[in-house]
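Worksheet: the structure to be examined is printed underneath.
The values are calculated or read from the model by the stated rules, or taken from the named source; none is laboratory data. These figures come from a predicted structure and were not determined experimentally. All Cβ positions, even for glycine, are placed from backbone atoms using ideal geometry, and neighbour counts span all protein chains on display. The protein model used for the area step is the full one, side chains on, heavy atoms only, and it has no ligands, DNA or RNA in it. Shrake-Rupley method; radii C 1.70, N 1.55, O 1.52, S 1.80 Å.
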Amino acid sequence: ESRPTMKPLRVFTTRPDTLFGATYMVVAPEHELCAKVIAGEGGVDAATRDALAKYVAAAKNRSDVERQEAKEKTGAFTGLHAINPATNQQIPIWTADYVLAGYGTGAIMAVPAHDERDWEFSQHFKLPERMVVIPPTGGPPKFFIDQHTLSRSQLESAVSSGSFGSIQWGQDGNDRVGRIEFDSHSDAQLFARSVMGTDHVSIRTGYSTLPSWSLPFTDVGISHWSSNTEVSLNDLPTSEAKAKIISWLESKNLGTRKINYKLRDWTFSRQRYWGEPFPIVFDKEGNAYPIEASHLPVKLPELADYAPVESDDPQPLLAKARDWMHTTAGKAGVSPALLAPDTPVTRETNTMPGSAGSSWYAIRYCDAKHASRLVGSDAEAYWMKGGIDLYLGGSEHAVGHLLYSRFWQNVLHDLGHVSCKEPFRKLFHQGLITSFAYQRADKSIVPVDEVKEVVAGQPESGYVEIATGQPVTPIITKMSKRYKNVINPDDVINEFGADTCRLYEMYMGPLDASKPWNPRDIVGCFRFLQRAWRLCVDEATGTLKLASEGPAATEKLLHRLTKKVGDDIERLSFNTAIAAMMEFINATGATPLARAQMERFALLLAPFAPHLAEELWHKLGHGAGTRAGSVAVQAWPTFDPAMLVDDEIEVPISVMGKVRARITVATATAKDAKALEAAALADAKVQELIAGKEVKKVIVVPGKMVNLVLG
């Protein structure tokens, strides 16, 4: 039957080497080809058009996830055929909802012998398969039909007349035990179709020396049965076969190479309460309708509790709000043009995950109270110029939150809502926090709070599961729910306070390195804060311990600390900044600070221990209870560069290559070789070391050391 010529059907495939095995095509229900056939184009009969229209209408109400995960394949024949450019054979065009309009071109070449979903579809609708790739070892396989209904004479006659493979008879002489052997899957199918009268028999594939295997074969391998008069892929490995068939298609203007990027779905729909509800409702037939913009946002209903309902038919948590879920189109906000206002509808009870809002809410922070826009243009231009200064997150966010934030920012930029195209200027990955987890003998994980230590210092046998008394093996791994070794910060805070917990996390090590959680080290941070508090406050009276004038040495140390902490914060080197503050407390001892010195120390401490610093700041008389008076909003302290230079330095004195003494001299003296030599020889301890001995040579490195060579 002649049909009107329609334009070529474009497909995208990652396996062009299997082109010779394409035995039918599938387009998404949303594809324009379906719409054209339903509209009467293509000369398709009315019954086929009607069936196609019903299928397309039903498929539009299924989500992409449902369509991808459906166990049973569904579809409809379009009534059209295409020409496979490699084989020049007509192949039927079907539509099926397992093909998505948003992936590639919304159409695929179906190769059932080498694709799991295509195979399931072909089996369901009795469509042909053609094997064109074989495993890389063992050479071309053989194909066997073991079960048949032909008599011995019929079988021998059919095989000899059709030049089909060979027959292997059973040793018992049974006329119906014969096994027919073929050189290709296509030959076996042709025999079944032409001789046995059916497209579907069990065709087994295997080697004489290897175990049998079955279709579909989805791995890479060696191309076979893949040639025409212009190109042959036979005996080529998959990578070479891909390159060759692409070159041939390009030379014939039948196709072109292209890279498609597959985006991972970031679990956008969730069955939780917290999250933005989807502005979608469904009628009793399951058809979806959008809620008008004037009724947005859809607000979460109040729930008495957030515990999920135990049921054989699990439902999202929002399904507990029955009155909210079951409403009418008018109350929900569906346009009357789409649905009559009194039509009963059911709200979507899944919610969007936190990622939906967290991908863009940094922009809203710039101007959180703007009533008519996402963000005011002036505020956005000021805060977002060039992007946010720093994105701090784990490496796992690079393909999750970070990537989605860029998508949202680019879309908002292209729509004209923001002026900045990229959301972030700088990326920094913090390391993981690791901790002990505990395994049973079968490798299952025991929660850390269900384990106790029984033999100290023997990790292989020193821990047991409390409930059973059985030994468990400790392993060090990342802190996560999976390994049941998450430390609840509330426990640390209850024992040591929030400042200690915060300080310890920053002190554990470099921010970008993985670090082990060790509860024993928390005590050190707690004691540092205690010493810092006692330096400033009398524990007995609660009053400040202030000196009328701070020691000059303390002032110099404080200027150096200011520079060190400021520089380290800019480098995100929090652990070294905390170490410097610990050294400062140790160096000052119990010597009280002057008021100005204590104020600067409180400002330096505030980013690391904000509660203690805030309390100290208030005790110093700065606007307690007001935001303007908070330590958190004060200017960062400055330092005097002149205070960073030492007036005196310590120089080691080496005798015969070994450091035996140290002297403290003025900086100017240390830089003068002769003056430094004289100071070294005049030192009392050095005099004792060289008494009665000849100083044959003095080697001076100005500012560094003096070495005495004795005779």
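Quick notes on this one:
- Helix 552-570 axis versus longest C-alpha principal axis of the chain: approximately 10°, rounded to the nearest ten.
- Reciprocal mean inverse distance between Cα atoms of the range 545-608 - Kirkwood radius, Å: 11.9
- Available extension along the chain between residue 699 and residue 642 is 17.4 nm, counting 0.36 nm per residue and deducting the alpha carbon span.
- Note: the range 217-338, Cα convex hull, 264 Å³ per residue.
- Taking every alpha-carbon pair in the chain and binning the separations at 10 Å intervals from zero gives 2, 9, 12, 15, 16, 14, 11, 8, 6, 4, 2, 1, 0 percent.
- Its convex hull of Cα atoms gives the range 354-492 a direction-averaged projected area, equal to a quarter of the hull surface, of 11.9 nm².
- Coordinate range of the alpha-carbon atoms in the range 591-667 per principal axis, descending: 65, 23, 21 Å.
- Accessible surface, per residue, of the chain when the full set of protein chains is kept, probe 1.4 Å, Å²: 56
- HN-Hα J in Hz across the range 52-58 - Karplus 6.51, -1.76, 1.60, θ = phi - 60°, x for Gly and Pro: 5, 4, 5, 5, 4, 5, 6
- The chymotrypsin sites (Phe, Trp or Tyr not before Pro) found in the range 279-334 that occupy coil by DSSP, while having at most 15 further C-beta atoms within 10 Å, are 306.
- Of the chymotrypsin sites (Phe, Trp or Tyr not before Pro) found in the range 591-682, none is in coil by DSSP with at most 11 other Cβ atoms within 10 Å of its Cβ.
- For the peptides 385-391, 419-425, the ranking by packing is 419-425, 385-391, with the highest mean count of neighbouring Cβ atoms within 10 Å listed first.
- Semi-axes of the equivalent ellipsoid for the range 1-139, Cα gyration tensor, largest first, Å: 25, 19, 13
- Each principal axis of the Cα cloud of the range 334-435 was taken in turn, and the coordinate range along them, longest first, works out to 55, 44, 23 Å.
- Cα centre as origin, Lys/Arg/Asp/Glu Cβ charges: the range 595-664 dipole, Debye: 200
- The chain: relative contact order in percent, alpha carbon pairs under 8 Å with at least 6 residues between: 6
- Share of pairwise Cα separations in the range 290-371, more than 19 Å, in percent: 54
- Taking amide H positions as modeled 1.01 Å from N, with prolines and chain starts lacking one, the residues under 5 Å from residue 431 and 5 or more places away or on another chain are 512, 513.
- Pairs of alpha carbons in the range 485-629 separated by more than 19 Å make up 54% of all such pairs.
- Dipole check for the chain: with +1 at the C-beta of Lys and Arg, -1 at the C-beta of Asp and Glu, and the Cα centre as origin, the magnitude is about 1460 Debye.
- Modelled label reach - residue 512, point 7 Å along Cα→Cβ, the range 400-430 residues with backbone N closer than 18 Å: 425-430
- Kirkwood hydrodynamic radius of the range 62-146, from inverse mean 1/r over distinct Cα pairs, in Å: 14.8
- Translational diffusion coefficient (Stokes-Einstein; Kirkwood radius from C-alpha pairs) of the range 299-346 at 37 °C, 0.692 mPa s, in µm²/s: 268
- Signed unit charges on C-beta, dipole axis of the chain, positive-most listed residue 226, 676, 561: 676
- Relative contact order, percent, the range 548-689 [alpha-carbon distance under 8 Å, six or more residues apart]: 19
- Using a Förster distance of 25 Å, the FRET efficiency for residue 488-residue 523 (Cβ separation, nearest 0.05): 0.85
- Normalising the Debye intensity of the range 624-692 to I(0), with uniform scatterers on Cα atoms only, and taking log10 at q = 0.15 Å⁻¹ returns -0.61.
- Whichever lysines have a C-alpha closer than 17 Å to that of residue 242, once near sequence neighbours (fewer than 8 apart) are set aside: 252, 258
- Using the Karplus relation 6.51 cos²θ - 1.76 cosθ + 1.60 with θ = phi - 60°, the per-residue 3J(HN,Hα) values for the range 121-131 come to 5, 5, 5, 5, 9, 6, 9, x, 10, 9, 7 Hz, with x marking Gly and Pro.
- Once both labels are positioned 7 Å from their Cα atoms along Cα-to-Cβ, the gap between residue 688 and residue 534 label points is 3.4 nm.
- Computed over the range 446-561, the range of Cα coordinates on each principal axis works out to 64, 36, 26 Å, biggest value leading.
- Above-threshold pairs, the threshold being 28 Å between Cα atoms, out of 369/619; 36/73; 36/421; 71/142; 515/545; 564/674: 369/619; 36/421; 71/142; 515/545; 564/674
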